[in-house]
């Protein structure tokens, strides 16, 4: 799933989407510190906002949220409902509930899942690793496919670029879950090369990672190619060629490095695509993980789990995008000077 | 700047438009293209492969997959178009609040969209479905809500430009009321540039909608919505590949064509606007 129009792959490939507000104007450490402080503040606001929205969402739900939380069968028993109402604090004033909620959050207490009969942090902890390994593998694979494609096609004949654009068009238009189904049909049910469901080992990781990676390859290639084309026009590329450096070496040693920095401009989109891609991919392949737990929890209206996963992934998302932006600012001095 | 479209890309756009016309016919009058009603059950004909009687084969209940794919065009497109409409509408309202309401309102709306845009859109959509519950209408609202902040920023940007134009100043000087100036002059002139973006968003929204249905959060069975059909196909992969393939092909073809036409529109539009692109 790909989302808001701003991060739509088509919008502005070169424009920084995760640069955020508050770029330093002057150079130097103070400006960098100010930028980091503003970004940290925004990160805190985002996580707090996500927490508040999930808190409010639960109270806005049509019907009795306590009955929804304990599940349909338990809702028949008024004793259980009243006990749950007291345990969750739903019988207290809204302001007290909100303060309690934030206090619990600060202590890392994300509540109790009535559907899974486990505490939410345990649910998240149990399912974190499969999702992390899947997203890391998908990200790495997307890179491994996009880099050679971009190196081979940047600034080359229009026919190559046209072919590559066609590939990009298809990868942004094809639904990830259908790619997964096609891979399952062919590799698991026809050729029996990979497990069809629930594989947690290395062989079970291959098809899900490929599915996740294909969703990223289009935009990665486009941005890398544009970045390389720009770098190849720079004086340093010309001077490298004048020194007698071969075309491949110019592309790999000089142009590619610059293009890789361009990828940082879509770090926010990438992390979002990986997080939400995991929901779909884990469901298609019947893989354990946070995404599948989230999808099931939404279907079953298991609110503590939905709230917990939303807050944790929101926090992860802001931390990772902040980290990537910071890293690139440190690596590339020009980004420190330029307004983002 | 982009070069003039070549013959090949013009041909591609024409082809994409033709396919979209076919999809539109399927959505408006499915009876013209389908060979069977979408929910006609025939257990004696269950799980057939593609063949002369059933072009795309049949599912576990003996329903004709080709006819279901044709009938699936309407719910799938409605989800995408509806979500885009919700996004444009909500975005326009937010933007107008920001533009009309003065500096404080503007600051509040802009910081709100900052926070919403700093959060993955799909997660936002999932959260909305979690609150409202699964279903066609709620999935449409959810995707619309996830897209709205982006539209709000764009409408606001356009409205700020339009507000400074001579005809709006003239209307103000002539003594029209503020509300009238904004509703009759600023808003209508701020919207058209967004139609291009909206076209491109329809493709993304159709994809997002089908993904929600695939997760069981959109239209419920027996709706022939493409994502829902693929979800059913996932469970039948052991016995037939047809249900897992054809609805996805229809979905992908539709989104590819929407994107091709949308990009063509954008290129034409940017060509006509000096300084844009």
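From the list B:26, B:14, B:10, B:18, which residue is in contact with a helix residue (DSSP H, G or I) (Cβ under 7 Å, 6 or more places away or on another chain), part of a helix (DSSP H, G or I) and within 30 Å of residue B:267 (Cα to Cα)?
Only one candidate qualifies: B:26.
Based on this model, can you work out whether residue B:74 counts as out of contact with any strand residue (DSSP E or B) (no Cβ under 9 Å at 6 or more places or on another chain), modelled with pLDDT of 90 or more and surrounded by fewer than 24 Cβ atoms within 10 Å (Cβ to Cβ)?
When the stated conditions are applied, residue B:74 passes them.
Looking at the range B:223-262 only, could you name the residues that are outside any helix (DSSP H, G or I) and either crowded, with 24+ Cβ neighbours inside 10 Å or modelled with pLDDT of 90 or more (or both)? Even if it seems obvious, please write down each step before you answer.
Step one: of the range B:223-262, the residues outside any helix (DSSP H, G or I) are B:223-225, B:236-241.
If the condition is that a residue be outside any helix (DSSP H, G or I) and either crowded, with 24+ Cβ neighbours inside 10 Å or modelled with pLDDT of 90 or more (or both), then B:223, B:224, B:225 are the ones that fit.
Please verify whether residue B:215 is farther than 30 Å from residue B:72 by Cα and crowded, with 17+ Cβ neighbours inside 10 Å, treating the condition exactly as stated.
So residue B:215 fails the test.
Please find, among B:49, B:89, B:80, B:53, the residue that is assigned to a helix (DSSP H, G or I) and surrounded by fewer than 17 Cβ atoms within 10 Å (Cβ to Cβ). Give the derivation first.
On the way: B:49 fails: assigned to a helix (DSSP H, G or I); B:80 fails: surrounded by fewer than 17 Cβ atoms within 10 Å (Cβ to Cβ); B:53 fails: assigned to a helix (DSSP H, G or I).
Only one candidate passes the filter, namely B:89.
Here is a check on your reading of the model: is residue A:245 within 12 Å of another protein chain (Cβ to nearest Cβ) and either without any contact (Cβ under 8 Å) to a residue 12 or more places away in the chain or closer than 30 Å to residue A:183 by Cβ (or both)?
On the way: within 12 Å of another protein chain (Cβ to nearest Cβ): no; either without any contact (Cβ under 8 Å) to a residue 12 or more places away in the chain or closer than 30 Å to residue A:183 by Cβ (or both): yes.
So residue A:245 does not fit the description; no.
Would you check which residues across the range B:196-235 are farther than 24 Å from residue B:260 by Cα and more than 9 Å from chain A (Cβ to nearest Cβ) and list them?
Within the range B:196-235, B:213, B:218, B:219, B:220, B:221, B:222, B:223, B:224, B:228, B:229, B:232, B:235 meet the criteria.
Identify all residues within the range B:127-167 that are away from chain A (no Cβ under 14 Å), free of Cβ contacts under 8 Å to residues at least 40 places away in the same chain and surrounded by fewer than 18 Cβ atoms within 10 Å (Cβ to Cβ); write none if there are none.
Answer for the range B:127-167, where residues must be away from chain A (no Cβ under 14 Å), free of Cβ contacts under 8 Å to residues at least 40 places away in the same chain and surrounded by fewer than 18 Cβ atoms within 10 Å (Cβ to Cβ): B:161, B:164, B:165, B:166, B:167.
Please go through (1) more than 13 Å from chain B (Cβ to nearest Cβ); (2) modelled with pLDDT of 90 or more; (3) crowded, with 24+ Cβ neighbours inside 10 Å for residue A:225 and return the number of the only condition it doesn't satisfy.
Among (1) more than 13 Å from chain B (Cβ to nearest Cβ); (2) modelled with pLDDT of 90 or more; (3) crowded, with 24+ Cβ neighbours inside 10 Å, residue A:225 violates only (2).
Please specify each residue of the range B:101-126 satisfying the condition of being buried (at least 19 other Cβ atoms within 10 Å of the Cβ) and more than 9 Å from every other protein chain (Cβ to nearest Cβ).
Within the range B:101-126, B:109, B:113 qualify.
If you take the residues of the range A:275-292 that are crowded, with 24+ Cβ neighbours inside 10 Å, assigned to a helix (DSSP H, G or I) and more than 9 Å from chain B (Cβ to nearest Cβ), which of them is farthest from the chain's Cα centre (by Cα)?
Per the criteria, the residue is A:285.
Can you list the helices (runs of 4 or more DSSP H) lying wholly within the range A:110-187 that have 2 or more residues being facing another protein chain (nearest Cβ under 10 Å) and within 30 Å of residue B:256 (Cβ to Cβ)?
A:158-173, A:176-183
Tally up the residues in the range A:203-227 that are under 15 Å from residue A:148 (Cβ atoms) and out of contact with any helix residue (DSSP H, G or I) (no Cβ under 6 Å at 6 or more places or on another chain), please.
0
Among the residues of the range A:293-320, write down those that are part of a helix (DSSP H, G or I), surrounded by 22 or more Cβ atoms within 10 Å (Cβ to Cβ) and either touching a strand residue (DSSP E or B) at 6+ places or on another chain (Cβ under 8 Å) or more than 8 Å from chain B (Cβ to nearest Cβ) (or both).
Across the range A:293-320, the qualifying residues are A:293, A:297, A:304, A:305, A:307, A:308, A:309.
Look at residue B:247 and say whether it is in contact (Cβ under 8 Å) with a residue 40 or more places away in the chain and either under 20 Å from residue B:153 (Cα atoms) or touching a helix residue (DSSP H, G or I) at 6+ places or on another chain (Cβ under 6 Å) (or both).
It is true that residue B:247 is in contact (Cβ under 8 Å) with a residue 40 or more places away in the chain and either under 20 Å from residue B:153 (Cα atoms) or touching a helix residue (DSSP H, G or I) at 6+ places or on another chain (Cβ under 6 Å) (or both).
Okay, residues lined up against (1) part of a helix (DSSP H, G or I); (2) under 26 Å from residue B:126 (Cα atoms); (3) more than 31 Å from the chain's Cα centre (by Cα); (4) modelled with pLDDT of 85 or more:
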residue	(1), (2), (3), (4)
B:153	yes, yes, no, yes
B:156	yes, no, no, yes
B:160	yes, no, no, yes
B:169	yes, no, yes, yes
B:175	no, no, yes, yes
B:181	yes, no, no, yes
B:188	yes, no, no, no
B:198	yes, yes, no, yes
B:208	yes, yes, no, yes
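Inside the range B:101-115, can you point out the residues that are modelled with pLDDT under 85, over 18 Å from residue A:45 (Cα atoms) and assigned to a helix (DSSP H, G or I)?
The answer is B:102, and nothing else.
Could you list all residues from the range A:147-163 that are crowded, with 17+ Cβ neighbours inside 10 Å and within 22 Å of residue B:260 (Cβ to Cβ)?
Residues satisfying the conditions are A:149, A:153.
Looking only at the range A:200-208, decide whether some residue is surrounded by 18 or more Cβ atoms within 10 Å (Cβ to Cβ), within 14 Å of chain B (Cβ to nearest Cβ) and under 30 Å from residue B:203 (Cα atoms).
Yes, the range A:200-208 contains at least one residue that is surrounded by 18 or more Cβ atoms within 10 Å (Cβ to Cβ), within 14 Å of chain B (Cβ to nearest Cβ) and under 30 Å from residue B:203 (Cα atoms).
The values are calculated or read from the model by the stated rules, or taken from the named source; none is laboratory data. Please read all numbers here as calculations on a predicted model, not as lab measurements. Positions of Cβ are backbone-derived with ideal geometry, glycine not excepted, and every protein chain shown enters the neighbour counts.
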